[in-house]
Amino acid sequence: MGILRLIRPVNAVIAFLAVMAGAATVSRMFLSQQMVLGAISASLILMSGNAVNDVFDIEADKVNKPGRPLPRGDLSPKQAVAVSLILAGLALTIAISINLWCFLVALFYAAIFFAYAAWLKPTGLAGNVVVSSGTGMSFIFGGFTIDWFLPLTAIFAICAFILNLGREIVKGAEDLEGDRVRNCRTIAMKYGPRFAGSVVAALYVALLPLSVAPFLLGYTGLAYLASICAADIVILAAIRECTLLHPKNASRVSRFIKVSMVLGTTAFFIGAITR
């Protein structure tokens, strides 16, 4: 149970679906062995990153999330590093069996997630951008499992990047006390939660028209429009909460965003398979 809570497999489900959606933007015959392997590889990379992140965040988590496996003592840091390396090794082995592009992307993000945990997270916004690029790249990675990527793939990737970037900024307000332990220079830490909330609100206001662009451009049909509207309603709720962001409501905003990520990724998949 400690290992499962360390690697957070539920989050990997979103990555798995994102790879499927990315593959479906490229080919209607997306349900291939390569796609399934790619989705597994991407999920393993994410879980590997989660594990190593907890190793470097152990002191902050003693304040923010004392119930996490490492602060509780369920696992040792050495065990967490071993889990991370095993997952990354499996992901890279699977990726090289697909094609060179998938291997290079998997290798890059295995390295960059370690770099984020070790050095980039305290930088604040730069670290947020790095982590969020991985969310967007899941869709491009899906395209690579089939062939390349198309404009629709890129739009989905950009939407996912913006959505996750907003969540990372909100988490800076949620984890304010623990981030002081690690001296993380998040937007919330440097300028205050209200300013961080304003930044997220602005990002999401820009995201809303971009999310319906695939329909307006004729890349997707009504099924996509209906499903993305459900995600956008949740984003509107997050925008409203962000205008008054503070540590006490940050966890609620983060949950809104996570729900919108699930709904949005599902909408992207529906749009891709019904285009």
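The values are calculated or read from the model by the stated rules, or taken from the named source; none is laboratory data. The structure displayed is predicted, hence computed values, not measured ones. Cβ sites come from the backbone with ideal geometry, for glycine too, and all protein chains shown count toward neighbours.
Can you go through THR93, THR135 and tell me which one is surrounded by 18 or more Cβ atoms within 10 Å (Cβ to Cβ) and either under 28 Å from LEU37 (Cβ atoms) or basic (Lys, Arg) (or both)? Spell out the reasoning first.
Working: THR93 fails: surrounded by 18 or more Cβ atoms within 10 Å (Cβ to Cβ).
Result: THR135 is the single residue among THR93, THR135 that is surrounded by 18 or more Cβ atoms within 10 Å (Cβ to Cβ) and either under 28 Å from LEU37 (Cβ atoms) or basic (Lys, Arg) (or both).
Let's see how each residue does on (1) within 15 Å of the chain's Cα centre (by Cα); (2) of a type in the set (A, V, I, L, M, F, W, C); (3) at pLDDT below 95:
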position	(1), (2), (3)
PHE156	yes, yes, no
CYS159	yes, yes, no
ILE162	yes, yes, no
ASP175	no, no, yes
ASP179	no, no, yes
ARG182	no, no, yes
SER198	no, no, no
ALA201	no, yes, no
LEU207	no, yes, no
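Condition check: more than 21 Å from SER251 (Cβ to Cβ), modelled with pLDDT of 95 or more, out of contact with any Asp or Glu (no Cβ under 8 Å at 6 or more places or on another chain) and not acidic (Asp, Glu). Does VAL55 satisfy that?
No; evaluated as a whole, the condition is false for this residue.
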| query | For SER227, are the conditions met, namely being touching a helix residue (DSSP H, G or I) at 6+ places or on another chain (Cβ under 9 Å), within 22 Å of ALA12 (Cα to Cα), at pLDDT below 95 and not acidic (Asp, Glu)? | reply | no
| message | Being surrounded by fewer than 23 Cβ atoms within 10 Å (Cβ to Cβ) and either modelled with pLDDT under 95 or not acidic (Asp, Glu) (or both): is that true of ALA111 here? | response | yes
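Considering each residue of region 235-249, count those that are touching a Pro at 6+ places or on another chain (Cβ under 7 Å) and either of a type in the set (D, E, K, R) or crowded, with 18+ Cβ neighbours inside 10 Å (or both), and give that number.
Applying the first criterion (touching a Pro at 6+ places or on another chain (Cβ under 7 Å)) to region 235-249 yields 245-247.
Okay, now just the ones that are also either of a type in the set (D, E, K, R) or crowded, with 18+ Cβ neighbours inside 10 Å (or both), so 245.
So the count comes out to 1.
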| Filtered residues of region 115-149 (kept if under 17 Å from SER27 (Cβ atoms) and either modelled with pLDDT under 95 or β-branched (Val, Ile, Thr) (or both)) | ILE140, THR145, ILE146, ASP147, TRP148, PHE149
| query | Hey, among ILE3, ILE45, which residue is on the phi < 0 side of the Ramachandran plot, surrounded by fewer than 23 Cβ atoms within 10 Å (Cβ to Cβ) and among the β-branched types (Val, Ile, Thr)? | reply | ILE3
| Considering only residues of region 21-35 that are closer than 14 Å to ILE98 by Cβ and assigned to a helix (DSSP H, G or I), which is nearest to the chain's Cα centre (by Cα)? | GLY22
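Of these, ALA106, ALA111, ALA118, ALA82, which one is farther than 23 Å from MET189 by Cα, in contact (Cβ under 8 Å) with a residue 24 or more places away in the chain and not basic (Lys, Arg)? Walk me through it before giving the result.
Details: ALA111 fails: in contact (Cβ under 8 Å) with a residue 24 or more places away in the chain; ALA118 fails: farther than 23 Å from MET189 by Cα; ALA82 fails: in contact (Cβ under 8 Å) with a residue 24 or more places away in the chain.
None of the other options fit; the residue is ALA106.
Could you look through region 169-200, keep only residues that are surrounded by fewer than 19 Cβ atoms within 10 Å (Cβ to Cβ) and touching a Cys at 6+ places or on another chain (Cβ under 9 Å), and pick out the one that is farthest from THR274 (Cα to Cα)? Don't jump to the end; show me each part of the working.
Of region 169-200, the ones surrounded by fewer than 19 Cβ atoms within 10 Å (Cβ to Cβ) are 177-178, 180-183, 185, 190-192, 194-195, 198.
From what is left, the residues that are touching a Cys at 6+ places or on another chain (Cβ under 9 Å) are 178, 198.
On the way: GLY178: 44, SER198: 35 Å.
Here the answer is GLY178.
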| query | Using beta carbons and a limit of 8 Å, which pairs, at least six apart or on different chains, have the first residue in region 13-25 and of a type in the set (Phe, Trp, Tyr) and the second one buried (at least 21 other Cβ atoms within 10 Å of the Cβ)? | reply | PHE16/ALA39; PHE16/ALA42; PHE16/SER43
| message | Looking at the structure I just gave you, is PRO214 in contact with a Phe, Trp or Tyr (Cβ under 7 Å, 6 or more places away or on another chain), touching a residue at least 40 places away in the same chain (Cβ under 8 Å) and buried (at least 18 other Cβ atoms within 10 Å of the Cβ)? | response | yes
